Amino acid sequence: MENEKMHFHYNHTDSCNFSRWTAKECYQFMYARPWHKVVDFYEDMVKGHTSLSGLFGKETPADHEDAEIREDHEKSELVSFPVKDKSGRWARANFKIVLSYHGGSFDGWQKQPDLNTVQGLVERSLGEFVDEKKAQLLKDKNLPLEGCALVAGRTDKGVSASQQVCSFYTWRKDVKIQDVKDVLDKAAPGKIRVVSLTKVSREFHPNFSAKWRHYLYIFPIDDVLNEKQGGQLWMDGCTDIHHQNERGKSAVEESVGNVIDDDNDELVHGNKPTKFEVSKVNRLLGQLEGKLLSYKMFARDLKASRNTGPPTECFVYHARAIETSIPRAKDGSHMKTMCIELVANRFLRKMVRVLVATTIREAAAGADDDALLKLMDATCRRATAPPAPPDGLCLVDVGYTDYDRSHCLIP
């Protein structure tokens, strides 16, 4: 038929070719998960009820204490950027804002018409701190009174952030740090929160000054909650399109030790494996550490000018996977998960999500430990898996000093 959609699959030539999931099977396996529980966890994180470091037995100071520590750090950072002439463009005040926000409440970072984005919310809030000259210019152009926020890295719709870094500047001399913090905290309580806000050098740029980015991906393993509600034992199934299939099965993952198992034949067809080991995922990721590689095959939607050569190269400092559990503040229960931690000098568009999905696919297929390295030489992006759901991804923090392993959550 002329209107029938054609599906093309990459022809892998290794021994795992027939046990590797297709793009559709990989998509189904990834999305048939209780993602709403991960979304709830990130919401609790933004509200300050839990923390990422707490998942791995690391203690962190209270939010106000953390803000004080970061304030002192930024004061020393100011000294490292001496500016003799305070006239002209150097006279303006530059503020560094560290934000925590819930990805499920926004349509991504980048401001877009008629969408609820983090950038849009932040810039509207900063409008009251714009200087008179810019305010008049915006009025003459019939534009809303908004500030301009630069960011370390734009996050997609559904992606949360623990410590996203942005900045804005103004020529006004009367702007107080506490006033800016109060305005941003009131913009969307429970959805966005200021972790710290400091005045920095004019030379500071949240993107160009950054030396590394730190991401964490939480992948649900167990969605069975053996609890009682209203005197009855209940089971919480998946909330996406695979919540119920034609045979009335529920998408429930059975987890035994360090093995993830999914026996739902509706998700992965034939005799292909439906389980993988977290330790295998960790070994696959470990091959990426300490190498400058082109991640072109793991990126999506790149501009033509940035699709080849050095623009596609990234240096991965840290790539690990571990099994843990996340708490749910709503009912006090826990859900078993796999956490994947990635630290690199930069990440390409959708690179983290494609890398997560592809690593899980290769682990399930029983590929060699260097499978990800071999995929770097593929001739088509169909060699890698479709991006994993954005719900599990969180921007942990952004570094402006040399990389130190002590910043990592997974040893």
request  = Sticking with the crude label model, points 7 Å out along Cα→Cβ, report the distance from Arg124 to Arg405 in nm, one decimal please.
outcome  = 4.6
task = Compute the signed sum of charges (Lys and Arg +1, Asp and Glu -1) over the other residues within less than 13 Å, Cβ to Cβ, of Leu288.
result = -2
note = Scoring only Lys, Arg, Asp and Glu (+1, +1, -1, -1) among other residues with Cβ under 13 Å from the Cβ of Val159 yields +3
message = Highest mean first, how do 385-391, 136-142 rank when packing is the count of other Cβ atoms within 10 Å averaged over residues?
response = 385-391, 136-142
ask   = Residue separation times 0.36 nm, minus the C-alpha to C-alpha distance between Asp182 and Asn17: what's the value?
value = 53.8 nm
Peptides ranked, highest mean first, by Cβ atoms within 10 Å: ranges 150-163, 42-55 = 150-163, 42-55
ask   = Which net charge results for the neighbourhood of Asp40, defined as the other residues with beta-carbon distances under 9 angstrom from its beta-carbon, given Lys and Arg at +1 and Asp and Glu at -1?
value = +1
key: Computed accessible area, Glu277, all protein chains, 1.4 angstrom probe, square angstrom   = 90
query = Can you give the FRET efficiency for Ser279 and Arg328, using 1/(1 + (r/R0)^6), R0 = 25 Å, r = Cβ-Cβ distance, to the nearest 0.05?
reply = 0.45
key: Farthest toward positive dipole pole in the stretch 287-411 [+1 Lys/Arg, -1 Asp/Glu at C-beta], among Thr308, Leu293, Gly332   = Thr308
task = For the stretch 346-408, calculate the relative contact order in percent as a whole number, restricting contacts to Cα pairs under 8 Å that are 6 or more residues apart.
result = 45
task = Please calculate the 1.4 Å probe accessible area of His12, with all protein chains present, and give it to the nearest 10 Å².
result = 20
inquiry  = Whole angstrom only: what separates the Cα centroid of the stretch 319-398 from the Cα centroid of the stretch 157-181?
reply    = 30
When each of Lys111/Lys211; Lys47/Lys157; Lys280/Lys374; Lys139/Lys186; Lys111/Lys374; Lys37/Lys96 is checked by Cα-Cα distance, pairs over 28 Å = Lys111/Lys374; Lys37/Lys96
note = Measure of exposure for Arg320: accessible area at 1.4 Å probe, Å² rounded to 10, is 60
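The values are calculated or read from the model by the stated rules, or taken from the named source; none is laboratory data. Computed from a predicted model, the values in this text were never measured in an experiment. A quick note on method: Cβ atoms are made from the backbone with ideal geometry, for glycine too, and the neighbour counts reach across all protein chains shown. Side chains included, ligands, DNA and RNA excluded: accessible areas come from the protein's heavy atoms. Shrake-Rupley method; radii C 1.70, N 1.55, O 1.52, S 1.80 Å.
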